[in-house]
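Taking it in order: structure first as structure tokens, then the write-up.
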Amino acid sequence: MKHPRSRLDEVIHSPVRFSVVAALAGADQAEFRFVRDAVEVSDSQLSKQVSVLEKAGYVKVGKFAVGRRTRTSLSLTPEGRAAFDAHVRALREIAEGSGAPDQ
């Protein structure tokens, strides 16, 4: 049996990216500002991490107008949700000691 760590998703595993995906997992979409504040990172940090997630096909970035301003929305793609769910399952298995040799 392979240890559950072999199923961890390297794209999501970064603490900031994991936090972003977790914040998006509870919503259909969220404004960039909301995610930035929830994850407690700067605009540039969030932008960089969202770019990595978007390139992997895990996050969709959209634009919408609010008055004269343009806002950015973020949402998980179906692939992103599946990857997050699988990653969390692997983390739970590790935390529960699954995959550890019998003693």
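Once both labels are positioned 7 Å from their Cα atoms along Cα-to-Cβ, the gap between Gln45 and Val61 label points is 1.8 nm.
Stokes-Einstein diffusion coefficient for segment 35-103 at 20 °C in a medium of 1.002 mPa s, Rh from the Kirkwood formula over Cα pairs: what value in µm²/s?
148
Backbone phi angles across segment 62-69, fed through the Karplus curve with coefficients 6.51, -1.76 and 1.60 (θ = phi - 60°), yield HN-Hα couplings of x, 10, 8, 9, 10, x, 8, 9 Hz in residue order; Gly and Pro are listed as x. Rolling a 1.4 Å probe over the protein heavy atoms gives segment 6-95 an accessible area of 61 Å² per residue.
Electrostatic tally near Val50: other residues with Cβ closer than 11 Å to its Cβ, Lys and Arg +1, Asp and Glu -1, net +3.
Summarising the label geometry, the points placed 7 Å from Cα in the beta-carbon direction at Thr77 and Glu31 lie 2.6 nm from one another. State the Cα centre-to-centre distance between segment 1-22 and segment 32-103 in whole Å. Comparing the Cα centres of segment 1-22 and segment 32-103, I get a distance of 11 Å.
The values are calculated or read from the model by the stated rules, or taken from the named source; none is laboratory data. Small disclaimer: the values here were computed from a predicted structure and weren't measured. For neighbour counting, all protein chains shown are included, and Cβ atoms are generated from backbone atoms with ideal geometry for every residue, glycine included. Heads up: the accessible areas ignore ligands, DNA and RNA and are worked out on the full protein's heavy atoms, side chains in. Shrake-Rupley method; radii C 1.70, N 1.55, O 1.52, S 1.80 Å.
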